[in-house]
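For reference, the structure is listed below as structure tokens.
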Amino acid sequence: MNLYIVMYHYTRDLLHSRYPEIRGMDVLTFKEQISFLKENFNVVEMEQVLDALDGKCELKKNSCLLTFDDGYIDNFTYAFPILEENGLQGSFFIPGKTIVEHKLLDVNKIHYILAGTGNISELLNDVYERMDYYRDGYDYPPNDELFKEYAKSNRFDTAEIIFIKRMLQMALPEKVRNRIASDLFEKYVGVSEEKLAYELYMTEEQIKTLKRHGMYIGIHGYDHYWLGNLEKVMMENDVMKALEVMEPYIDKNRWVMNYPYGNYNEDVINLISRNNCSMAITTKVSVADIDKDNRFELPRLDCNDFPPKSNTYMNF
């Protein structure tokens, strides 16, 4: 049985936001898309999907599940009221660090750096300069070798943007990429990381409100790491720490994992399956088939694959 799992990140009033160039879905577009999905799909709840995976029920034709990554406050202020007005459930996956430490995740530093620059070539040069500056004492390949390996365009980003993302997400040593990201954030964004962190993420009370109103809360790691790239002990610590932090909001005997960056390996799957995870979602681009796909490797489509943004969903 096919299941269209839709992936959202930022949902906000882009025009009037502090950084209108951030890659997100404008609230008016979101409202229009929800109307389209409600009219053309059977929007299901996470609990129904879990029951279907366990053979307790069957999903209707053209079933659709709405998922929201990273715990952004605009999912609460803009998306949640629209979902509730339409009688629909959203599934919200929240990195534990945003609740406990109120620190800006690396993924969001990068988003805002990219939104803050009008010149990707200038930004790329800045990245190169800092990679050279911090190379002393750290062992990583020359810039041109890294560019050749990681600069691979995808359907949303150019090769240059992907390269910048990969350098600051996972390719460089963690201390180096943290320093470079903070340097660039200071130059291009113009607001303190602490202030933006408090503006960007949901609070504990807001997460409780989502749950109280029938929304689903899931696990998205603790530090939003590329879990499949971590040493096994570090990966296990991150996942278990996330489970501990998110315990008030989830059923620890039947929870759902959303891999940060869609990155995982067999060790990650083995760990979560041993700890009562019932299902996991990826960033693989396809329609999920819950009768055939591994329940810990379910693909998703991006919200930009559906009207009014596009009709790309029809190609799958």
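The values are calculated or read from the model by the stated rules, or taken from the named source; none is laboratory data. The structure presented is a predicted model; accordingly, all values stated were derived computationally and were not measured. For neighbour counting, all protein chains shown are included, and Cβ atoms are generated from backbone atoms with ideal geometry for every residue, glycine included.
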**Study point:** Enumerated helices (runs of 4 or more DSSP H) restricted to region 1-116, each holding at least 3 residues that are touching a Pro at 6+ places or on another chain (Cβ under 7 Å)
**Key:** 27-40
Review point. Taking residue 296 and the conditions (1) over 25 Å from residue 74 (Cα atoms); (2) assigned to a strand (DSSP E or B); (3) in contact with a Ser or Thr (Cβ under 7 Å, 6 or more places away or on another chain), which numbered condition does it fall short on, given that it satisfies the others?
Key: (2)
**Study point:** Some residue of region 157-175 being of a type in the set (A, V, I, L, M), in a loop (DSSP other than H, G, I, E, B) and outside the structural domain of residue 269 (by TED's automatic domain parsing)
**Key:** yes
Exercise for review: Can you tell me which residue among 180, 110, 164 is crowded, with 18+ Cβ neighbours inside 10 Å and under 23 Å from residue 73 (Cβ atoms)?
Suggested key: 110
Practice item. For residue 209, indicate whether it is of a type outside the set (Gly, Ala, Ser), under 18 Å from the mean Cα position of the chain (by Cα) and not in a loop (DSSP other than H, G, I, E, B). Key: no
Exercise for review: Look through region 207-230, keep the residues that are surrounded by fewer than 18 Cβ atoms within 10 Å (Cβ to Cβ) and touching a helix residue (DSSP H, G or I) at 6+ places or on another chain (Cβ under 9 Å), and return whichever of them is farthest from residue 17 (Cα to Cα).
Suggested key: 229
Review point. If you go through region 190-206 one residue at a time, how many are outside any helix (DSSP H, G or I), out of contact with any His (no Cβ under 9 Å at 6 or more places or on another chain) and on the phi < 0 side of the Ramachandran plot?
Key: 4
Revision key, fill the gap. Residue pairs within 6 Å by beta carbon, gap of at least six or interchain, first lying in region 124-142 and free of Cβ contacts under 8 Å to residues at least 24 places away in the same chain, second assigned to a helix (DSSP H, G or I), listed first then second, are 128/143
